Amino acid sequence: MTQYMRNNMHKKVVDLIQEGIWSIQQELQQLFQSFSLPYIGGGQDKLFWTGTLNGKFSTSSAITMIRHKEPKMHCSTKIWNSCLHPSTSSNIWKIVQGVFIDDSVMVDRDYSLASRCCICENEQDSMNHLLRHCSFSVKIWIWICSIFGFSLPVTFDDIWTRARNCSPLIRETWITAACSVIKELWFQKNERLFEDIKPNEKQFKSKIKKMILEGGYRMKSNKWNQNYDLQIINFLILVQRAPGFGVVVRDHTSQVLGILSGSIGIGTNYIAQVYGVGKVPWLIDMRWRKATSKIASIIYMHSFRETNFSADSAAKRGSTLAAGERHIIMGRPSFLTRIELP
Ligand SMILES: [Zn+2]
């Protein structure tokens with residue numbers, strides 16, 4: 001601030017106007033050079049609020065003018081994508097937003113520590129190293145990229161754009177695969193640190209394949225009928241899923257006697273649905289009569305499968321079987337972790 005300004009702090013606009021035209025003092029001229037000064041009209045002075053186009057004050061426009069604006073995240077819509085499981089989305093979001101602690105953050109906060117990546121036990125630990133440069137991560141990226149025929153992604157943007165020219169289904173599959181890899185690479189570090197689980201490439205890969213397979217239930221897009229699509233789908237077993245069914249047999253004390261899970265062809269999906277409401281279609285009438293002849297009583301209780309956890313998990317197992325395949329387990333299987341009481 002110049003001495004002139006300091007001495008004239010209380011100058012008003014009217015002091016810069018003489019006989020209806022702008023009259024800028026020499027000392028201020030340099031300041032006004034880059035402005036185009038407004039045209040001076042006649043009449044009474046009017047008060048305008050410059051925060052809105054109509055010149056009227058509103059609280060919301062005042063807040064808009066003073067509020068702190070974060071830069072717009074261009075990848076937010078990509079991360080919060082319906083094809084990704086919310087737990088994957090939320091963890092990718094945390095990484096993108098920098099909501100994590102690694103050794104480089106600790107060093108920045110003046111902690112003195114000997115930092116070492118717990119996965120490769122070679123380099124200094126950081127999220128950047130863990131996700132991109134760690135020898136374990138590089139092997140996983142090479143593997144997943146070779147399935148899709150892509151070059152290794154360097155930035156998050158690369159992940160969103162790699163499958164740009166592929167079919168919608170392959171795009172969703174790739175995003176699910178890449179995001180699952182990122183999330184699991186991060187979580188693996190915690191498993192190593194807190195549960196002492198050693199990194200295992202084979203197990204990691206099958207976990208990713210499982211996540212992609214489960215992600216397949218969320219994917220709604222179409223594939224293109226070309227070799228490239230079919231090869232990837234075959235490799236990742238993203239087969240057109242046959243509907244599955246699950247039956248949990250329990251006695252009068254609610255103990256689980258056994259479960260049956262199976263997969264049915266699309267044509268018989270109709271039958272599964274009518275079984276659910278207790279009406280038997282004519283084409284299986286005889287078989288049904290024979291099957292039920294030795295049972296004294298059957299009580300049908302219909303509930304949505306999503307609230308019937310045990311039958312739902314049995315049915316989910318069924319849908320991963322090949323069409324027509326059945327699995328019968330006597331007693332309560334380990335995957336039925338939750339049994340609801342009637
Ligand atoms: Zn490492």
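Taking label points 7 Å from Cα along the Cα-to-Cβ direction, MET1 and SER135 give a separation of 6.2 nm. Label sites at ARG164 and LEU230, each approximated as a point 7 angstrom past Cα along Cα to Cβ, lie 2.9 nm apart. The packing ranking, built from the mean of other Cβ atoms within 10 Å per residue, places the peptides 81-90, 19-28, 172-181 in the order 172-181, 81-90, 19-28, highest first.
Cross-link pairs exceeding 21 Å between alpha carbons, from the set LYS94/LYS189; LYS94/LYS183; LYS183/LYS205; LYS139/LYS207; LYS139/LYS189; LYS189/LYS220: LYS189/LYS220. Aspartates and glutamates within cross-link reach of LYS78: Cα-Cα under 15 Å, excluding same-chain residues under 8 positions apart? Excluding near neighbours in sequence, the set is ASP157, ASP158, GLU172.
In loop segments of the stretch 83-150 as defined by DSSP, the chymotrypsin sites (Phe, Trp or Tyr not before Pro) with at most 13 further C-beta atoms inside 10 Å of their C-beta are PHE100, TYR111.
Just so you know, all these numbers are worked out from the coordinates, no wet-lab data involved. Quick caveat: nothing in here was measured; it's all calculated off a predicted structure. Here the Cβ is made from the backbone with ideal geometry for all residues, glycine too, and neighbour counts use every protein chain on show.
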